[in-house]
1. Taking the full set of protein chains and a 1.4 angstrom probe, give the accessible area of F392 in square angstrom, rounded to the nearest 10.
2. Probe radius 1.4 Å, ligands and nucleic acids left out: which of M299, M418 has the largest accessible area, and how do the rest follow?
3. Taking all pairs of different Cα atoms in the chain, averaging 1/r and flipping that mean, what Kirkwood radius in angstroms comes out?
4. Once every Cα of the range 1-120 carries one equal point scatterer and solvent is ignored, give the base-10 log of I(q)/I(0) from the Debye formula at q = 0.20, 0.22 Å⁻¹, two decimals.
5. Taking the Cα-to-Cβ direction at E256 and at R43 and moving 7 Å from each Cα, how far apart do the two end points lie in nm?
6. With every protein chain left in place and a probe of 1.4 Å, what is the accessible surface of R413, to the nearest 10 Å²?
7. In nm, to one decimal, how far is the modelled label at N293 from the one at L204, with both set 7 Å along Cα→Cβ?
8. From the cross-link list K146/K320; K113/K139; K113/K320; K196/K320, which pairs have alpha carbons spaced over 26 Å apart?
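The values are calculated or read from the model by the stated rules, or taken from the named source; none is laboratory data. Keep in mind that what you see is a predicted model, and the values were worked out from it rather than measured. Here the Cβ is made from the backbone with ideal geometry for all residues, glycine too, and neighbour counts use every protein chain on show. Surface areas here come from the heavy atoms of the whole protein model, side chains and all, with no ligands, DNA or RNA. Shrake-Rupley method; radii C 1.70, N 1.55, O 1.52, S 1.80 Å.
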Amino acid sequence: NLRTHYASQIKPEELGDQKVTVAGWVHEVRDLGGICFVVVRDRTGKSQITLVKKKTDPELLDKARKLVRESVVSVTGSVKPEGKAPNGYELIPDEITLLNEADSPLPMDTTGKVEAELDTRLDSRFIDLRRERTTAIFKVRHEVLKAVRGYLTDNGFIETSSPKVVATATEGGTSLFPITYFDREAFLNQSPQLFKQILMSGGLDRVFEIGPIFRAEEHDTRRHLNEATSIDIEASFCDHFDVMEVLEEMVAYVYEQVIENASDSLGVLDVELKVPQVPFKRVTYDEAIEIVNANTDEMLNWGDDLGTAAEHAIGEYVFKETGESHYFIIDWPTEIKPFYAMPYEDNPILSKGFDMMHRTMELSSGAQRIHIPELLIERIESQGLDPEGFEFYLKAFRYGMPPHAGWGIGCERLVMTMLGTENIRDVVLFPRDRRRLSP
Ligand code: ATP
Ligand code: AMO
């Protein structure tokens, strides 16, 4: 056996004389002459291996002293309670197996004493992940996705997957990555949008997808990726207000679950989470414009999109008023929402599209969708797109399409705003951006 226990599973009082085997990376070797400590680290924590010169086989002691930091070892021995050791125990080894020796010097420091640049860390992600802080982020991300799946499943959503190689664009705002698909031009999909809507015609009623989206964002910002993970839902016989409720309830549930299941990781990251209060405040687009014009130097006209500075001004305003970071912006001008957003029947200048915001950035967009094919074609044309390219999609609207609504929320932005990381790249294992294509 290369391993019987993780570091955090070893409880000396329960083990008695039973031997254990831990496996992991050599975190440090401290040779004090009469006594030598080897600290072995795994995903869960650290084990201290203690070798007393007088009591240890000289060959084993020699092997321990020569261990190179960050090498991979497996250690078998007996456990003794020891208050001064990392998890309250020490391991008296019978055997140390060197499984893979690390070169030195290492590409970057793992002890956390020297803070490396993000670029250096991303270049050597395998080493960066050996830092407790980095691993903690991905443990939280796991809890986030687990909670999302749990919440949506419990609320009647079926998990589906849609193709990532497609023939058409869906989101006007950003450009597409073209690829060669045999002898045809194709693209990497920007959003499951069209497919999740087709599933509504199919009668799946409530679906969700967690998958990659690809966006050829021109700019290089701290909140944009070229490959992101989108959490998408679509639900039939619903309007935008119904799915906004699903969204805010889900976000609150995710926070609750992270607090419950990832408190250790939150501690490592020094993050104290507060569950957002539902319902989130609803700010209308008109109010949003007023807030920006009253509180900043910007003068926005009705119909303008909200830029970064405007989003920040609104976020601060809402936070001051409610003490909450999350809120919705509703009742947007139809013209600046995607073609699939349903205009209000009694005032088609406004749409049933919404954004869900965090104080610092947009987290999600959604809408009640147009389910009437004639209106949909009109909207596609009015955005300068060719309905012919959307035939596979439009077909699903002509033979019984229920009213429906949905949203997409960026997983990375959800995790980033939860943990307050500076850069979205911190919460992606192998980010894709303007410059970064490997690892
Ligand atoms: P979406 O997914 O809807 O595109 P987003 O949060 O990525 O949402 P964008 O529409 O890309 O938002 O941008 C939101 C606003 O921020 C836009 O008005 C845009 O002009 C502005 N913005 C985007 N990138 C930058 C940038 N690099 N510098 C300054 N402003 C930016
Ligand atoms: P939208 O384009 O607003 O809406 O995208 C939804 C959410 O996905 C995340 N996101 C990104 N995150 C990081 N980097 C990017 N380049 C990036 N682009 C998007 C954001 C954003 O709020 N089809 C609609 C959703 C719907 O209506 O159901 C859509 O894609 O968090």
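1. F392 exposes around 90 Å² with every protein chain in place.
2. Details: M299 140, M418 10 Å².
Result of the area sort, largest leading: M299, M418.
3. Details: mean 1/r = 0.0402 Å⁻¹.
Every distinct Cα pair counted, the radius reaches 24.9 Å.
4. -1.11, -1.30
5. 2.7 nm
6. 40 Å²
7. Distance between label points: 4.3 nm.
8. Details: K146/K320 32 Å; K113/K139 22 Å; K113/K320 37 Å; K196/K320 37 Å.
The answer is K146/K320; K113/K320; K196/K320.
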